[in-house]
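Take a look at the structure below.
Laboratory data are not the source of any read-out in this text; all were calculated from the coordinates shown. All values reported here derive from a predicted model rather than from experimental measurement. A quick note on method: Cβ atoms are made from the backbone with ideal geometry, for glycine too, and the neighbour counts reach across all protein chains shown.
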Amino acid sequence: MSIKAKEYLSKEKFEQLKAELEDLKTNKRKEIADKLEYAKGLGDLSENAEYHEAREAQAALEDRISQLETILPNVEIVATHHSNVVEIGSVVHVQKSTEKAKHTYTIVGSEEADTQAGKISFKSPLGQALLGKKKGEEFKFKTPKGEVKYTVTSIE
């Protein structure tokens with residue numbers, strides 16, 4: 001028996017993934033089944049591009065369904081909360097030692113990570129370095145370009 005990894009999600013993301021799974025199982029499976037039936041009707045399957053495309057789409061769909069069915073039972077819902085220590089769900093303001101600008105990040109589970117939106121995974125190098133830090137604390141972590149030093153300016 002394998003131990004499943006816990007996945008941390010906001011309530012909103014959890015609901016979004018549940019809805020996605022339901023849509024994939026009900027609507028998307030039917031759409032792909034219909035495409036497969038249509039493609040089979042076109043004749044010779046060995047040279048039937050529509051059939052091969054539908055089979056690839058079916059494989060991708062089943063992979064995503066499997067992924068969601070693995071994640072959802074192991075979800076721990078995290079809420080944005082106010083704490084004096086960085087943890088999953090914290091909104092953290094940091095300043096790089098070589099810059100004047102401050103950056104804001106929300107610490108999230110890997111399924112919810114979106115660097116463009118300022119959401120970083122607690123498993124990322126920066127996320128791991130931030131966990132457990134307090135306001136005013138300096139920390140370093142390694143990047144491909146070398147070691148970087150930050151200061152936690154505030155935690156929400």
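Only DSSP H runs of four or more residues enter the estimate; each adds -39500 (n - 2.57), and after division by the residues of the chain the mean residue ellipticity at 222 nm equals -11000 deg cm²/dmol. Under a Gaussian network description of the chain, with springs only between Cα atoms under 10 Å, the residue in Ala49, Ala117, Ala79 that fluctuates furthest is Ala49. If a paramagnetic tag sat 7 Å from the Cα of Val148 along the Cα-Cβ line, which residues of region 4-30 would have the backbone N under 14 Å from that point? Nothing falls inside the zone, counting backbone N under 14 Å. The modelled label-to-label distance between Ile77 and His52, using points 7 Å beyond Cα along the C-beta direction, is 4.6 nm.
Annotation: aspartates and glutamates with alpha-carbon distance below 16 angstrom to Lys40 (same-chain offsets under eight excluded): Glu31, Glu50, Glu53, Glu56.
Once the other residues with Cβ under 13 Å from the Cβ of Thr106 are scored (Lys, Arg +1; Asp, Glu -1), what is the net sum? Cβ neighbours under 13 Å give a net charge of -3. With contacts taken as Cα pairs under 8 Å at a separation of at least 6 residues, the chain carries a relative contact order of 23 percent.
Among Ile77, Ile155, sorting on how many other beta-carbon atoms sit within 10 Å of each Cβ, with the fewest leading, yields Ile77, Ile155.
Build a GNM of the chain with springs between Cα atoms under 10 Å apart, and of Leu61, Leu126, Leu42 the one that fluctuates most is Leu42.
One quarter of the convex hull surface built on the alpha carbon atoms of region 1-107 amounts to 12.1 nm², the projected area averaged over directions. For the pair region 16-64 / region 104-119, the C-alpha centres are spaced 31 Å from each other.
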